[in-house]
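Each remark here refers to the structure printed beneath this line.
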Amino acid sequence: MTCGAILTLTGQLSAESALPWIHHRGQLLNLAGWVRREDDQTIRMALAGPEPLIEAMEIACSLGPGDVLVDTITRARHTFDEKPDTFVML
Amino acid sequence: MSREYATNDWYPVADAARMIPGHGFTTRLLGEPLEVSGSFENPVVTARDGRMLPVQVRYGHVWTTTGSAPRPLFDIAEADETDRTFVPCGAVQVRCSPLRAVENFLDIAHFPFVHTGILGEEPHTQVAPYKVEIREDADEVWATQIGFHQPQAAKSATEAIETRYEYRVPAPTTAVLYKTCPPKPEAWDVIAIFVQPVAEDMCIAWPWMALYDDVSPYADLVQFQQEIFLQDRSILENQKPTLLPLDPRMEIPTRCDLTSVVYRRWLKRKGATYGALTTAA
């Protein structure tokens, strides 16, 4: 098992740029896990990696790409059954 | 890069105490030329089309707005405390976005490297966690619970101290710093930066202070602040991109940059994008 974090973003997140932007940022920070859109107002991601990089991901996502507006970002602990080795868009 | 939001804010265009009747001058605001004339008691600001713009004298400066429905000028309560020393610190013209100038003012992490021996020094480079929020009731950004080691926190400081900071952003082109007052630790010194957006990539910073310091000569107080701003200027004028990115694709902000991130989020939410880069940087 691998410990990580779940980040949940809410806001005006319907722009097509949102998921690719988060995916690019996750790769830039060398994080593993997944990101998926729940609906037009919610995006969720599960992250595995060093704590400072997960924190950097959280801070970057609180601003996001130019055409989205993030209202809230919440964080919870997450346990992966198997250690992920890539960051994927679901 | 909308001017729409920006036109309805108030901006400083002159040091009120330096207004001399019969000696008007031309300046620029949001890319448009303005004529500033009159006196301290009766300043006059005229647009290119001859229209007389609204004017008020506050915080030692002459303020004007070009919009038809201006928002009220923010309040700085300490400006009404008569036992403080009020110090307009002149003007520093900087070839950068007005939003970049404000963001730089909010950045603590650069102190040991740019203002070495004054606002910071190695090895005291770590920025401890602090709190940043958008206060919805006031529609302002606030950063609080900031502490930093400073060799000379103010002109009145006689030794290095652990300085406490609070930052407030009451308007997109204004930042106010509340910091430990060395001779009166129970009070805050107030240092503000009022930014005149000359254009999207050019601004004039008008620093202003409201201090408890009845010892330092006025000229020394101004020189202290001018020295700090001139140290910042070379950094600001070399930042790329010139405009402030609201989509910082190639930047990697960390915990110490949280004030900047929240400031940018606040600008984006308001549509206050004059001086901002809204596409991926």
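What follows draws every value from the coordinates through simple rules; no lab data is involved. Note that the structure is predicted; figures quoted are calculated from it, not measured. We place every Cβ from the backbone using ideal geometry, glycine too, and count neighbours over all the protein chains shown.
Here is how the numbers come out for the structure above:
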read-out: Fewest-first ranking of B:T173, A:T10, B:T116, using other Cβ atoms within 10 Å as the exposure measure; value: B:T116, A:T10, B:T173
read-out: Debye log10 I(q)/I(0) at q = 0.21 Å⁻¹ for chain A, Cα point scatterers; value: -0.94
read-out: Fewest-first sequence of B:R100, B:R249 by Cβ atoms within 10 Å of each Cβ; value: B:R249, B:R100
read-out: Cα long-axis angle, helix A:18-28 against chain A (0 to 90 degrees, to the nearest 10); value: 40
read-out: Average other protein chain Cβ within 10 Å of Cβ, residues A:63-71; value: 6
read-out: Expected 222 nm ellipticity per residue - DSSP helices of 4 or more, -39500 (n - 2.57), all of chain A, to 500; value: -8500 deg cm²/dmol
read-out: Pairs of Cα atoms farther than 20 Å apart, the range B:197-281, %; value: 51
read-out: Zone residues, the range B:163-188, relative to B:R135, backbone N less than 11 Å from point 7 Å out along Cα-to-Cβ; value: B:167-170
read-out: q = 0.19 Å⁻¹: log10 I(q)/I(0) that the Debye formula gives for the range B:86-182, counting C-alpha atoms only; value: -1.06
read-out: Neighbour net charge for B:Y165 - beta-carbon separation under 14 angstrom, K R +1, D E -1; value: 0
read-out: Value of relative contact order over chain B, rounded to a whole percent, pairs C-alpha under 8 Å and six or more apart; value: 22
read-out: Binned Cα-Cα distances of chain B, short to long, each 5 Å bin given as a whole percent; value: 1, 5, 12, 17, 19, 18, 13, 8, 4, 1, 0, 0
read-out: Gaussian network model of chain A, springs between alpha carbon atoms under 10 Å - residue of A:E16, A:E58, A:E38 with greatest fluctuation; value: A:E16
read-out: Phi to ³J(HN,Hα) by Karplus 6.51 cos²θ - 1.76 cosθ + 1.60 over the range B:179-191, Hz, x for Gly, Pro; value: 9, 3, 8, x, x, 9, x, 7, 10, 9, 7, 10, 10
read-out: Percent breakdown of C-alpha pair distances by 20 Å bin, ordered from the shortest bin, for the protein assembly as shown; value: 27, 53, 18, 1
read-out: Rounded to 10°, Cα long-axis angle of helix A:51-63 versus longest principal axis of chain A; value: 10
read-out: GNM result for chain B, Cα springs below 10 Å: residue of B:G271, B:G60, B:G22 fluctuating most strongly; value: B:G22
read-out: Choice from A:G64, A:G33, A:G11 with maximal GNM fluctuation in chain A (Cα, 10 Å cutoff); value: A:G11
read-out: Estimated 222 nm signal from helices in chain B, with DSSP H stretches of n ≥ 4 weighted -39500 (n - 2.57), rounded to 500; value: -5000 deg cm²/dmol
read-out: Debye, to nearest 20: dipole size of chain B, +1 on Lys, Arg Cβ, -1 on Asp, Glu Cβ; value: 840
read-out: Shape category assigned to the range B:111-256 from the gyration tensor of Cα positions, a/c cut at 1.5; value: rounded
read-out: Cα gyration tensor, the range B:1-141 - rounded (a/c under 1.5), prolate or oblate; value: prolate
read-out: Inter-label distance for A:R77 and B:A128, nm, one decimal - labels placed 7 Å from Cα along Cα-to-Cβ; value: 2.6
read-out: Chain lengthening between B:M250 and B:S39 when straightened (0.36 nm per residue, less Cα-Cα); value: 71.2 nm
read-out: Cα gyration tensor shape of the range A:16-65, rounded if a/c is under 1.5, else prolate or oblate by comparing a/b with b/c; value: prolate
read-out: Charge dipole of the protein assembly as shown about the Cα centre (unit charges at C-beta), most positive-ward option of A:A5, B:L230, A:M45; value: A:M45
